[in-house]
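Have a look at the structure below, then the notes.
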Amino acid sequence: MMFTDELQREAAPIIEAIYQDDFIQGVIRGDIDKKAIRHYLKADHLYLNEFAKIYSLLIAKLNDKDDIRFLLEQIDFVINGEVTAHYTMADYVGENYQDIIAGGEWYPASDHYIKHMYYNAYKYDDASFTICAMAPCPYVYQQLALKIKDNHDLTGNPLKDWVDFYTVNMDELMNRLNHWVNRFAETTTDENREILRRNFLESCVHERRFFEMSYRQEAWGIEVMHA
Ligand SMILES: Cc1ncc(CO)c(N)n1
């Protein structure tokens, strides 16, 4: 069994818990509170910006042109492609997307998640540590989307396009990320393998907390100062 297969097996109960939580169940029913979706969009557009910037930090750690080209494509996808999924949600809310995301912040759970990725990018030379912290981002969404599709017919559901978005185009990305991590994991120490494992599983938990944060509209409770 490849190293990343073990990580994915260990992540399965966390993904099942996310599936059962209020956010995804609300998406499945198609009646989730619009305030939860608004909060999610405010947090997620900033999260994806940082995600793209962290990819750019990884480019500096790579030498292979194909690997670099792939990360450039991913940056484009995160910045220009994934906004399509956000527009589906903005339509559901019934407000202009730019108006929704204005004034968003790194709310507590997304703040912790973003800093988890940056920490690994700055602490370690090898990109694998950061890749393990980033891989749950596409992986968890792909698994959730496939699970939803397997169990429900979303015909007529206003959030169907959001789910559909994550059922396609994720395989090549996952293969590439898994390949990088497995190549490194085969030759590194047990201690490093344990860091990789923790990084991956902690990010799966971060994914869960991000949805919970959105559902409950968690914020810092600190007043924003305006100049
Ligand atoms: C927090 C989060 N995780 C994963 C994805 C999927 O790319 C996303 N858009 N946001």
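The values are calculated or read from the model by the stated rules, or taken from the named source; none is laboratory data. None of the values given here were measured: they were computed from a predicted structure. With ideal geometry, Cβ positions are generated from the backbone for all residues, glycine too; neighbour counts draw on all protein chains shown. Please note that ligands, DNA and RNA were not included when accessible areas were found on the heavy atoms of the full protein model with its side chains. Shrake-Rupley method; radii C 1.70, N 1.55, O 1.52, S 1.80 Å.
Take M134 and decide whether it is under 30 Å from A90 (Cα atoms), at pLDDT below 95 and within 15 Å of the ligand (Cβ to nearest atom). Against the criterion (under 30 Å from A90 (Cα atoms), at pLDDT below 95 and within 15 Å of the ligand (Cβ to nearest atom)), M134 does not qualify.
Kindly indicate whether any position in the range 167-186 is touching a Lys or Arg at 6+ places or on another chain (Cβ under 7 Å), of a type outside the set (F, W, Y) and within 21 Å of L58 (Cβ to Cβ). Working first, answer last.
Keep residues of the range 167-186 that are touching a Lys or Arg at 6+ places or on another chain (Cβ under 7 Å), which gives 167, 185.
When the remaining residues are screened for being of a type outside the set (F, W, Y), the result is 167, 185.
If we keep only those that are within 21 Å of L58 (Cβ to Cβ) as well, we get 185.
Yes, the range 167-186 contains at least one residue that is touching a Lys or Arg at 6+ places or on another chain (Cβ under 7 Å), of a type outside the set (F, W, Y) and within 21 Å of L58 (Cβ to Cβ).
Restricting attention to the range 1-42, the residues being polar (S, T, N, Q) and either free of Cβ contacts under 8 Å to residues at least 24 places away in the same chain or under 24 Å from G81 (Cα atoms) (or both) number 2. Against the conditions (1) assigned to a helix (DSSP H, G or I); (2) under 17 Å from the mean Cα position of the chain (by Cα), D91 satisfies every one except (2).
Considering the conditions (1) in a helix (DSSP H, G or I); (2) modelled with pLDDT under 95, I100 is excluded by exactly one of them, (2). For D44, the conditions (1) touching a helix residue (DSSP H, G or I) at 6+ places or on another chain (Cβ under 6 Å); (2) of a type in the set (D, E, K, R); (3) closer than 25 Å to N169 by Cβ all hold with the exception of (1). Just give me the residues in the range 60-88 being part of a helix (DSSP H, G or I), of a type in the set (A, V, I, L, M), more than 30 Å from G30 (Cβ to Cβ) and touching a residue at least 12 places away in the same chain (Cβ under 8 Å), in sequence order. Listed by number, the residues that qualify are L71, L72, I75.
For the range 30-42, give me each residue that is within 9 Å of the ligand (Cβ to nearest atom) and open to solvent by 10 Å² or more (accessible area, probe 1.4 Å).
First, pick out the residues of the range 30-42 that are within 9 Å of the ligand (Cβ to nearest atom): 40.
Within the range 30-42, none qualify.
Filter the range 48-83 down to the residues that are within 14 Å of the ligand (Cβ to nearest atom), of a type in the set (S, T, N, Q) and modelled with pLDDT under 95, then identify the one that is least open to solvent (accessible area, probe 1.4 Å). If we take residues in the range 48-83 being within 14 Å of the ligand (Cβ to nearest atom), of a type in the set (S, T, N, Q) and modelled with pLDDT under 95, then Q74 is least open to solvent (accessible area, probe 1.4 Å). Would you be able to say whether some residue in the range 114-123 is over 24 Å from D31 (Cα atoms), touching a residue at least 12 places away in the same chain (Cβ under 8 Å), within 11 Å of the ligand (Cβ to nearest atom) and assigned to a helix (DSSP H, G or I)? The answer is yes; a qualifying residue exists. Scoring L159 on the criteria (1) within 19 Å of R9 (Cβ to Cβ); (2) buried (at least 22 other Cβ atoms within 10 Å of the Cβ) leaves a single failure, condition (1).
Look at V205 and say whether it is within 15 Å of the ligand (Cβ to nearest atom), on the phi < 0 side of the Ramachandran plot, aliphatic (A, V, I, L, M) and at pLDDT 95 or above. Yes; evaluated as a whole, the condition is true for this residue.
State all residues of the range 192-202 that are within 16 Å of the ligand (Cβ to nearest atom) and buried (at least 21 other Cβ atoms within 10 Å of the Cβ); if no residue qualifies, say none.
So in the range 192-202, the residues within 16 Å of the ligand (Cβ to nearest atom) come out as 199-202.
Of everything in the range 192-202, those that are within 16 Å of the ligand (Cβ to nearest atom) and buried (at least 21 other Cβ atoms within 10 Å of the Cβ) turn out to be N199, F200.
So that you can scan it fast, the table gives a plain yes or no per residue for (1) crowded, with 18+ Cβ neighbours inside 10 Å; (2) within 25 Å of Q74 (Cα to Cα):
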site: E172; (1), (2): no, yes
site: L177; (1), (2): yes, yes
site: V181; (1), (2): yes, yes
site: F210; (1), (2): yes, yes
site: V224; (1), (2): no, no
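Scanning the range 1-16 turns up no residue that is open to solvent by less than 70 Å² (accessible area, probe 1.4 Å), on the phi < 0 side of the Ramachandran plot and not in a helix (DSSP H, G or I).
When H45 is tested against (1) free of Cβ contacts under 8 Å to residues at least 40 places away in the same chain; (2) surrounded by fewer than 19 Cβ atoms within 10 Å (Cβ to Cβ), only condition (1) is not met.
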